[in-house]
Amino acid sequence: MDERVRHIMTATVLSIGVQEPITEVLHLFATHTLHHLPVVDGLELKGMLSSADLLKLKHFVPKSGSLASATLLNDRFKIATMMSRPVVAAKLDDTIAEAAARMASHGVHALAVIDDNSHLVGIITTTDIMQALLHGMGRKRSSEPDEGTRKPNELEMRRAVEAAVSATQAGTDTDGVAATMLRLRDRNVLLEDLRQDVARYLHAGQDERMHTRLVKDLDRLGQPPIELSVQL
């Protein structure tokens, strides 16, 4: 998850001015497939509105569509008082892992993406992160050599793990090779659990229970993966 937010965010993002009437918010949510709507003042990000915020309006939405009802709604509710702030945002060069951790710690499903001037340049959602994780899992980097490299079969892998466990327990793992292999084996198991949960989340319904499970999967991964650099 070392890719950057700029690589997976939605750059063409719908937003609304902080001085716009609340009926315009209702119109945008009704006519677009939206769950989050950034609020801006010019180009500068000021807040975030979500579909959950609109629940506060459900008893006040004009059913007749009359001008008087819309005027009353706009007089009673203002975007500036309904939006969430301060905004939880991401920068273009934040890693996807950093964005995911920020979402989890703040309990949000989307981050506005800003540049160094706090100008809105995009939006990234949990679905964007899960899609990137799912499609990138197990994908070989173009710079990664594969000539002369043979993938071990299941029996060889099992014997290698057993040998690593024995070396660790016997104290003969002086170079830390066995410990490193076991660490990578355990991390691979966690990544596979996460991959399966991501697939369920995307294909079987994005409910809160599955979202909580994905957050726990990310927490279990803990520290960033070991970077191996071998010089021959």
Return yes or no: is LEU54 outside any loop (DSSP other than H, G, I, E, B), within 13 Å of ILE16 (Cβ to Cβ) and modelled with pLDDT under 85? yes
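Over 23 Å from HIS119 (Cβ atoms) and either modelled with pLDDT of 90 or more or not polar (S, T, N, Q) (or both) - does that describe any residue in region 1-20? Give the steps one after another, and end with the answer.
The initial filter retains those residues of region 1-20 that are over 23 Å from HIS119 (Cβ atoms), namely 1-2.
Checking the rest, the ones that are also either modelled with pLDDT of 90 or more or not polar (S, T, N, Q) (or both) come to 1-2.
Yes, region 1-20 contains at least one residue that is over 23 Å from HIS119 (Cβ atoms) and either modelled with pLDDT of 90 or more or not polar (S, T, N, Q) (or both).
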Scanning region 2-38 for residues that are part of a loop (DSSP other than H, G, I, E, B) and either of a type in the set (Asp, Glu) or not assigned by TED's automatic domain parsing to the domain that holds SER51 (or both), which turns out surrounded by the most Cβ atoms within 10 Å (Cβ to Cβ)? GLU20
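Kindly indicate whether any position in region 96-105 is over 20 Å from HIS27 (Cα atoms), within 10 Å of the chain's Cα centre (by Cα) and among the β-branched types (Val, Ile, Thr).
The first filter runs over region 96-105 and keeps only residues over 20 Å from HIS27 (Cα atoms), leaving 96-105.
Next, from what is left, pick out any that are within 10 Å of the chain's Cα centre (by Cα): 96-104.
Then keep just the ones that are among the β-branched types (Val, Ile, Thr); that gives 96.
Taking every residue of region 96-105 in turn, at least one turns out to be over 20 Å from HIS27 (Cα atoms), within 10 Å of the chain's Cα centre (by Cα) and among the β-branched types (Val, Ile, Thr).
The values are calculated or read from the model by the stated rules, or taken from the named source; none is laboratory data. Given the structure is predicted, the values throughout are model-derived calculations rather than measurements. FYI the Cβ positions are ideal-geometry reconstructions off the backbone, even for glycines, and counts take in every protein chain you see.
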